[in-house]
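The structure appears right after this line, and notes come after that.
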Amino acid sequence: IHDVGKGSSKMNEITLANLLRIMPHLKIVRAGYFLPALNAAMAEFHIDTPVRQAAFIAQIAHESGSFTYLREIADGSSYDDRADLGNTRPEAIEIARINDTTPGRFYRGRGLIQITGYDNYAACSEALFGDTATLTHNPFILERKEPACRSAAWYWFSRGLNAIADAGNFEKITRRINGGLAGYPDRLAFHQRALKELTA
């Protein structure tokens, strides 16, 4: 999908001060913990201009509660019968059964952008680890710092969101990520702060 590690050499890295001003409720220790992995993931997936970075950070700030949640708060049971997420596939059902749960619960949202559903875990696993098994059998990996950041940046890149950010269509980005406009005012507030901070 992309050239790993071949992001723009001119990318301006996000600083600790940038993050703290964009996310007013983010704790400094938490910001410092994520910052190197976040910058590396953005470079890897060409989120390498202030406009792209502002839109990306705004979305992951909302999705993760300012880097608080790397796993969806809801238990995921509402996704059990979601064929569009791949959760009705026999392999998804079997892997979940082996782990004493159901596909919706096993493949609930994880990472900074909340990768959700068997199909998305399989595609993300293929992109990040070169096989589908790593994440479909161990979805908890996305609750770790680096995979949480990389999975979010991969999802962004794979959905063509850099180009939409370049065009300035933040609402369209939200619909691509959320499927609707849930939490849009919060996302927009993050975006406005991020644009002010990164394009000044």
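The values are calculated or read from the model by the stated rules, or taken from the named source; none is laboratory data. Owing to the predicted nature of the structure, the values given are computational and were not obtained by experimental measurement. Positions of Cβ are generated from backbone atoms using ideal geometry, with glycine treated the same way; all protein chains shown enter the neighbour counts. When the accessible area is computed, the model is the full protein with side chains, heavy atoms only, and any ligands, DNA or RNA have been set aside. Shrake-Rupley method; radii C 1.70, N 1.55, O 1.52, S 1.80 Å.
Can you run down the residue pairs with Cβ atoms below 8 Å, 6 or more apart or on separate chains, where the first is in region 69-82 and without any contact (Cβ under 8 Å) to a residue 24 or more places away in the chain and the partner is of a type in the set (S, T, N, Q)?
What qualifies is Asp81/Asn87; Asp81/Thr88.
Kindly establish whether Glu126 is surrounded by fewer than 20 Cβ atoms within 10 Å (Cβ to Cβ), more than 19 Å from Met42 (Cβ to Cβ) and more than 15 Å from the chain's Cα centre (by Cα). Break it down into steps so the answer makes sense when it comes.
Working: surrounded by fewer than 20 Cβ atoms within 10 Å (Cβ to Cβ): yes; more than 19 Å from Met42 (Cβ to Cβ): yes; more than 15 Å from the chain's Cα centre (by Cα): yes.
Criteria met by Glu126.
Which of the numbered conditions does Thr132 fail, given that it passes all the others? Conditions: (1) surrounded by 23 or more Cβ atoms within 10 Å (Cβ to Cβ); (2) of a type outside the set (Asp, Glu); (3) touching an Asp or Glu at 6+ places or on another chain (Cβ under 7 Å).
(1)
Restricting attention to helices (runs of 4 or more DSSP H) lying wholly within region 42-120, give those where 3 or more residues are among the small types (Gly, Ala, Ser) and either within 18 Å of Phe170 (Cβ to Cβ) or open to solvent by less than 40 Å² (accessible area, probe 1.4 Å) (or both).
Answer list for region 42-120: 50-63.
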